[in-house]
1. Got at least one residue in the stretch 3-13 being within 27 Å of ALA113 (Cα to Cα), at pLDDT below 90 and in a strand (DSSP E or B)?
2. Which one of the conditions (1) at pLDDT below 85; (2) open to solvent by less than 20 Å² (accessible area, probe 1.4 Å) does GLY154 fail to meet, given that it meets all the rest?
3. Among the residues of the stretch 54-63, is there at least one that is under 30 Å from GLY150 (Cβ atoms), assigned to a loop (DSSP other than H, G, I, E, B) and either open to solvent by less than 30 Å² (accessible area, probe 1.4 Å) or at pLDDT below 90 (or both)?
4. Is there a residue being within 16 Å of GLY22 (Cβ to Cβ), open to solvent by 30 Å² or more (accessible area, probe 1.4 Å) and modelled with pLDDT under 90 anywhere in the stretch 121-130?
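The values are calculated or read from the model by the stated rules, or taken from the named source; none is laboratory data. All values derive from a computational prediction rather than experimental measurement. Cβ atoms come from the backbone with ideal geometry, glycine included; neighbour counts cover every protein chain shown. In case anyone asks, the SASA skips ligands and DNA or RNA and just uses the protein heavy atoms, side chains included. Shrake-Rupley method; radii C 1.70, N 1.55, O 1.52, S 1.80 Å.
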Amino acid sequence: VVTMHRDIVTCLALVADTRGGGKLLVTGSADTTIRVWGLGPGARGRQRLRRSSIRRWSQQPLPSRPVRTLHGHSGAVTCLAADADLDVVVSGGVDGWCIIHRLSQGEILRVIAPGNSEPGAIRGLTLSKNGEAVWIQAKNGPLCAVDINGNATGLSEP
């Protein structure tokens, strides 16, 4: 995996590919890209990884090429979340942007700038289970929730 990125891998997510019956590994990098890797057939749906499952996956070679490469950040990708059921990858970067891509096709659906803080790197994010909100933690601001359209829906106290 690391050989396909041009810089260090800074974040990753492993998600069940309910459409393809395998797993997808999504990696973000300091090279500004996100790569999606197909890990072959496996358990369907959202299942917890058991030790035997981890051992089985660790014994299989990683693919030599990603399924797709996602672009949009102007600096390192610092965090990401992915959900195959919702068909999205949400990423944050040092550029201060949160980008929502379509997982299956790779196109950018929305670019969100957390408007509640001074410009700064996105330190962390997560996607709600129903896909209605993205929780974003920017370097210089409080935790905020935005809907898929980028409208602020919640803000933590500083």
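1. Within the stretch 3-13, one or more residues are within 27 Å of ALA113 (Cα to Cα), at pLDDT below 90 and in a strand (DSSP E or B).
2. (2)
3. no
4. no
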